[in-house]
Amino acid sequence: MLEINNLHCQIEDKPILKGINLKINKGEIHAIMGPNGSGKSTLANVISGHEDYEITKGNIYFKDQEINELSPEERAHAGVFLSFQYPVEIPGVTVTNFIKTAINESRKSKGQEEMPSSEMLKKIREKASLLEIDSNFLSRSLNQGFSGGEKKRNEIFQMAMMEPELAVLDETDSGLDIDALKIVANGVIKCSNENNSVLVITHYQRLLDYIVPDFVHIIMDGKVVKSGDKDLAKKIEDIGYDWLKKDNS
Amino acid sequence: MAYTEDELKKELETKEYEYGFYTDIDSETFPVGLNEDVVKAISKKKNEPKWMTDWRLDAFSSWKSMNEPEWSNLHYKKPNFQDISYYSAPKKKPNLNSLDEVDPELLKTFNKLGISLKEQKKLSGVAMDVVIDSVSVATTFKDTLEEKGIIFCSISDAIQNHPELVRKHLGTVVPKKDNYYAALNSAVFSDGSFCYIPKGVRCPMELSTYFRINQAGTGQFERTLVIADESSYVSYLEGCTAPSRDENQLHAAVVELIALDDAEIKYSTVQNWFPGDKNGKGGVFNFVTKRGICHNRSKISWTQVETGSAVTWKYPSCILKGNNSIGEFYSIAVTNNFQQADTGTKMIHVGKNTKSTIISKGVSAGRSQNSYRGLVQISPLAKNARNFSQCDSLLMGNDCGAHTFPYIEVQNKTAQIEHEATTSKIGEDQIFYCNQRGIDTEKAIALIVNGFSKEVLNKLPMEFAVEAQKLLEISLEGSVG
């Protein structure tokens, strides 16, 4: 599904990623952990094509196609979804209108007709109930005045609606209380299947109790320094990253 | 009668012109220049009664002593008023046989706006085999209106057929000498619309539909008079989302609204005149005076979507004369490239318990300048007057400007005035967010701008709101590099 080879990337001449290698197969859930400033969010942005991040070396392959040069919307059309750490507000644009536009733009790019509104409505109802979202929420302006939990729930709602093949969740757990965390994690689990993949970026192991990863990778200073299974995340939670620093140097 | 234009001009200059002379001329366009004789000639051409001619002449003599206003935040080369022809019959568009002969750019825009093929043909002057159909539609409208006693016709027809109404009301809201452009308009207005809704009648349709079918070309100096008699209601829509590539550079319209006791007038405008090209060349100068007067318990609501013109100078206003009357102003002004807009409203509170609401949304892109200028005036007698104003500006890029000039004059202590203003910029993070969801940048901007303008778009009649949304999208095309 996703293959990243020796990826180097910089922002305003400052190198951030220094040779990332990562391979995610269909149906797998991967988690990325790492201390602040290690390059986790940069990786999420580079995968989704943010143009402030310049790839200086290496490649990103999505479904066996190199996507280094694709625009963010082209990657989205191909099936890449990013759940933002800090979702932006768009005043006056309702959640419903936004998701409708997003879905129809993707369909348009594939030469498909717009989704009939009855089908859209049905899908919205189904996915909203999955994330315990009520209909008032859907008529509010996108992220405007949303609590931290509502914003993240809205991100996962959009993911559920768009049914991406690769979902990158950038610190989706930050700012969530335990109840909201359960709902959001449950939403992710229900959407994941053998045909799609999930990349979870997090600081804390706690999210991984609910979204159990097949693989865990530790990023430090722009490189993957350690990979393992879910136990690696637990170890990090217990003893921190220091031992890896020594290991690495 | 083989007068050449030069000879005509000479005669006018030497004032050896005789009243009635113009009836002999075949030409439908007057020579350039403006003087008393031209004013008389316009009046004569339209077969107007003497009181109307005198009215025009009075306006003209005032205009001569006035100066073009310079207080606006606009920079343009002042028009040479002696270089303009003040009368021309509605220009005949070339008769084309099929849409294939129409400018493809224009067709592209029509399609984007979702204008029906039939209407496209009509708007671009293609001979239509379905003409009968549109005529019959218009006739049906006319019958319905007549049944209710509603008068809706050109102002020229109204001067002929309803002189008592015109004479009583014309110039009562916007006096002849009100301002430079209003005086000019009063002297030389060529045509426009007249509407009268009798007592207690609720106009059963948006007067837009009818208007759109009938009003192909708009004049340079339009004059509109809408009178809503006691307890009546009318929703009036002016303009068209279809692009108007008018060759007239200067437009100076006057619109007067009169809402008698308990009446309501909703006046919506969509203006999309040629804004000039990407380099700021050409484009229409639009200097408009729009004002309404509210009597007791009446309401006037202005809604405007302004996307066109190179230079816009326009302040639809309400004089809240009657007690408990209400004035509203909802506006979206979009400027792109080198466009300049200085627009807003005046709410003059005179009666007791009068209320006004101002919602103004300005979107600036390219190198354009967009100003809101508004006056809220509470006179000493206006007890318990209330006003709420909200002026929001949205900027795109670093080369455009948004300006807000709110004037508030309060002379009665019981007044409650609220003013809110925001300025924001379309953020790169917003664009990236949309991009990541598969929405390309142009569509993202349209989405954000539509969201920003929603409160005003919602005030438009339904079918027009949809077109106006698309129009916003088109107006901002290419505004991001």
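The values are calculated or read from the model by the stated rules, or taken from the named source; none is laboratory data. The structure displayed is predicted, hence computed values, not measured ones. Using ideal geometry, Cβ is built from the backbone for each residue, glycine included, and neighbour counts are taken over all protein chains shown.
Of note:
- Summed over the stretch A:138-157, residues that are within 12 Å of another protein chain (Cβ to nearest Cβ), part of a loop (DSSP other than H, G, I, E, B) and surrounded by 18 or more Cβ atoms within 10 Å (Cβ to Cβ) total 1.
- Residue in the stretch A:51-63 that is surrounded by fewer than 17 Cβ atoms within 10 Å (Cβ to Cβ) and within 13 Å of chain B (Cβ to nearest Cβ) present: yes
- For the criterion of being basic (K, R), touching a residue at least 12 places away in the same chain (Cβ under 8 Å) and more than 7 Å from chain B (Cβ to nearest Cβ), A:K108 fails.
- Cβ-Cβ under 7 Å pairs, at least 6 apart or on other chains, the stretch A:78-95 side more than 11 Å from B:G451 (Cα to Cα) and at the interface with another protein chain (Cβ under 7 Å from one of its Cβ atoms), far side of a type in the set (D, E) and in a strand (DSSP E or B): A:L82/A:D170; A:F84/A:D170
- Residue pairs meeting the criteria (Cβ under 7 Å; at least 6 apart or on separate chains; first within 19 Å of B:S72 (Cα to Cα), in the stretch B:400-429; second among the basic types (K, R) and surrounded by 15 or more Cβ atoms within 10 Å (Cβ to Cβ)): B:C400/B:R367; B:F405/B:R373
- Remark: A:K235 matches the filter, which requires a residue to be in contact with a Phe, Trp or Tyr (Cβ under 9 Å, 6 or more places away or on another chain) and basic (K, R).
- Among the conditions (1) out of contact with any Ser or Thr (no Cβ under 8 Å at 6 or more places or on another chain); (2) assigned to a helix (DSSP H, G or I); (3) away from chain B (no Cβ under 14 Å), the only one that A:A160 does not satisfy is (3).
- Which listed residue is within 10 Å of chain A (Cβ to nearest Cβ) and not aliphatic (A, V, I, L, M), from B:N435, B:N387: B:N435
- When A:K100, A:K108, A:K122 are checked against the criterion of being more than 25 Å from A:K182 (Cβ to Cβ), under 22 Å from the mean Cα position of the chain (by Cα) and surrounded by fewer than 22 Cβ atoms within 10 Å (Cβ to Cβ), A:K100 stands alone in meeting it.
To keep it simple, each residue is scored yes or no on (1) touching a His at 6+ places or on another chain (Cβ under 8 Å); (2) modelled with pLDDT of 90 or more.
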residue: B:N248; (1), (2): no, no
residue: B:V255; (1), (2): no, yes
residue: B:G276; (1), (2): no, no
residue: B:G280; (1), (2): no, no
residue: B:V284; (1), (2): yes, no
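- Selection status of B:N370, surrounded by fewer than 17 Cβ atoms within 10 Å (Cβ to Cβ) and either more than 10 Å from chain A (Cβ to nearest Cβ) or assigned to a loop (DSSP other than H, G, I, E, B) (or both): no
- A:L82 vs. criteria of a type in the set (A, V, I, L, M, F, W, C) and either at pLDDT 95 or above or on the phi > 0 side of the Ramachandran plot (or both): yes
- For the stretch B:196-206, the tally of residues that are at pLDDT 80 or above and surrounded by 18 or more Cβ atoms within 10 Å (Cβ to Cβ) stands at 4.
- Test result for A:E28, more than 26 Å from A:S227 (Cα to Cα), of a type in the set (D, E, K, R) and either surrounded by fewer than 22 Cβ atoms within 10 Å (Cβ to Cβ) or touching a strand residue (DSSP E or B) at 6+ places or on another chain (Cβ under 9 Å) (or both): no
- None of B:N353, B:N387, B:N336 is modelled with pLDDT of 95 or more and touching a Ser or Thr at 6+ places or on another chain (Cβ under 8 Å) except B:N387.
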